[in-house]
Amino acid sequence: MTILPIIEDSASELTAIFKDLHAHPEIGFTEHRTAGVVADKLREYGVDEIHTGIAGTGVVGIVKGSREGQRRIGLRADMDALPIHELTNLPYASRTAGVMHACGHDSHTTMLLGAAKYLAETRNFDGTVVVIFQPAEEGGGGGREMCADGLMERFGIQEVYGMHNWPGIPLGQFAIRPGAFFASTDQFEITVEGKGGHAAKPHETVDSTLVASHVVLALQSIASRNADPTEQIVVSVTSFETSSKAFNVIAQRVHMKGTVRTMSPELRKLGQERLTAIAETTARAYGAEAKVNYMKGYPVMINHGAETEFAAEVAREVSGDCAEAPLIMGGEDFAYMLEERPGAYILVGNGDTASVHHPEYDFSDEAIPAGCSWWAGVVERRMPAA
């Protein structure tokens, strides 16, 4: 593995930063302490400009190269944690009950800080780097909010690159794919209204539980019979709650929740249309009524072709290899930034650990130098010093 020497020398300092951030997790748009740590470190590292309060708690740093060329590249890390109670028993485990860095955003922040330190010390590039520390990736749409706050225009960003640690990929290795990479993540609520009554007299009721059960089954036909079988769509009903808690009462109402995940805008549109039609018409067939509330979430995250190949080249220089990543049906709000500017998103291996969003997930700090070196390599390769 080719790790930049200055970054290697900073490994112990960066590990300490990571452990501090891990012990003090903050939910999206409340990352005040984290943002403060980031801003303080950027000042300590001699970053040229530091901008805070973007989209609430976002931080942006500007590092100018040895020559202030025309090109401007954005590097983005997310900062927020999850509402999960940590079960790792690590000495630096979360000190906040019910909140945990279960997705490694603390490591992303640390790795970008390490890259910012290196770039500010060496300035071995011709252009400007915009280091972006984003709030609220976990469902809050912090990437969308930073873009809405003028991130790209205000800082003149021309390309943007992101990275995520990934369990299951060998430690410090990389994986990427061009085109659609992470899925769109829409949510829905369906309320089925029937006619409640006594369980001994079902003929006098319109059994909302029965109707809703048929809706759940019928929704699976979207993937099996409506979508092209070579494409990806996942429809999941994740919550099913009746208005009755008694053994002998047929419920008047059932409320369901779930998600629809796809890998293309066209299939996303089909999913919404079919879900609404199936829920409404199935309920009507049984004499009930279904009301659908469909909520658009993150769009499909689509890597740009040339930038993806470039990102892979840098990864191969750092680790010797860059694998083809699988399609991932989870969502990622870096999608909003890639809608605004060309760029790419890469995975860095975390080894054989618990999966992200698991209470026993543990980021391996041994991957920090590889991530720092990749981000620094993107800058030096894309904007070489004259």
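Within region 74-98, residues that are of a type in the set (Phe, Trp, Tyr) sit with their Cβ atoms under 9 Å from residues that are outside any loop (DSSP other than H, G, I, E, B), at 6+ positions apart or across chains, in these pairs: Tyr92/Phe18; Tyr92/Lys19; Tyr92/Asp20; Tyr92/His22; Tyr92/Ala23.
Of the residues in region 77-98, none is modelled with pLDDT of 95 or more, of a type in the set (D, E, K, R), out of contact with any helix residue (DSSP H, G or I) (no Cβ under 7 Å at 6 or more places or on another chain) and under 25 Å from Ala306 (Cα atoms).
Taking the listed residues Ala55, Ala39, Ala35, the one that is in contact with a Pro (Cβ under 8 Å, 6 or more places away or on another chain) and either surrounded by fewer than 18 Cβ atoms within 10 Å (Cβ to Cβ) or more than 17 Å from Glu153 (Cα to Cα) (or both) is Ala35, with no other qualifying.
Matching residues to (1) touching a helix residue (DSSP H, G or I) at 6+ places or on another chain (Cβ under 9 Å); (2) surrounded by fewer than 18 Cβ atoms within 10 Å (Cβ to Cβ):
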| position | (1), (2) |
| --- | --- |
| Asp126 | no, no |
| Arg154 | no, yes |
| Ile169 | no, no |
| Gly172 | yes, no |
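Residues in region 55-73 that are touching a strand residue (DSSP E or B) at 6+ places or on another chain (Cβ under 6 Å) and either under 9 Å from Asp126 (Cα atoms) or aliphatic (A, V, I, L, M) (or both): Val59, Val60, Ile62, Val63, Lys64, Gly65, Arg67, Gly69, Arg71, Ile73. Taking every residue in region 341-369 that is in contact (Cβ under 8 Å) with a residue 60 or more places away in the chain and on the phi > 0 side of the Ramachandran plot and pairing it with any residue that is surrounded by fewer than 15 Cβ atoms within 10 Å (Cβ to Cβ) and not in a loop (DSSP other than H, G, I, E, B), at least 6 positions away or on another chain, the pairs with Cβ-Cβ distances below 9 Å are Gly351/Glu366.
Put simply, of Tyr345, Tyr336, Tyr361 the only residue that is buried (at least 24 other Cβ atoms within 10 Å of the Cβ) and under 23 Å from Arg261 (Cβ atoms) is Tyr345. Within region 207-259, the set of residues being within 22 Å of Ala285 (Cβ to Cβ), assigned to a strand (DSSP E or B), touching a residue at least 60 places away in the same chain (Cβ under 8 Å) and among the hydrophobic types (A, V, I, L, M, F, W, C) comprises Val254, Met256.
When region 267-306 is filtered for residues that are within 28 Å of Thr205 (Cβ to Cβ), crowded, with 20+ Cβ neighbours inside 10 Å and among the β-branched types (Val, Ile, Thr), the ones remaining, listed by number, are Ile278, Thr282. Of all residues in region 186-206, one or more are of a type in the set (Val, Ile, Thr) and not in a strand (DSSP E or B). The set of residues from region 176-210 being of a type in the set (Asp, Glu) and within 30 Å of Asp333 (Cα to Cα) comprises Asp186, Glu189.
Within region 104-124, the residues that satisfy the criterion of being surrounded by fewer than 24 Cβ atoms within 10 Å (Cβ to Cβ) and outside any helix (DSSP H, G or I) are Arg123, Asn124. The single condition among (1) at pLDDT 95 or above; (2) closer than 15 Å to Leu112 by Cβ that Leu4 does not meet is (1).
Val254 passes all but one of (1) buried (at least 19 other Cβ atoms within 10 Å of the Cβ); (2) in contact with a strand residue (DSSP E or B) (Cβ under 7 Å, 6 or more places away or on another chain); (3) closer than 20 Å to Ser184 by Cα; which number fails? (3) is the only condition that Val254 fails.
Checking each residue in region 260-282 for being more than 15 Å from Asp228 (Cβ to Cβ) and in contact (Cβ under 8 Å) with a residue 40 or more places away in the chain picks out Val260, Arg261, Gln272, Leu275, Ile278, Ala279, Thr282.
Residue-wise test of (1) in a helix (DSSP H, G or I); (2) more than 21 Å from the chain's Cα centre (by Cα); (3) farther than 14 Å from Gln187 by Cβ.
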position	(1), (2), (3)
Gln272	yes, yes, no
Leu275	yes, yes, no
Ala283	yes, yes, yes
Gly287	no, yes, yes
Val292	no, yes, no
Met295	no, no, no
Ile302	no, no, yes
Glu307	yes, no, yes
Ala311	yes, no, yes
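The values are calculated or read from the model by the stated rules, or taken from the named source; none is laboratory data. Model, not experiment: these values are computed from the prediction. In this analysis, Cβ positions are derived from the backbone assuming ideal geometry, glycine residues included, and neighbour counts consider all displayed protein chains.
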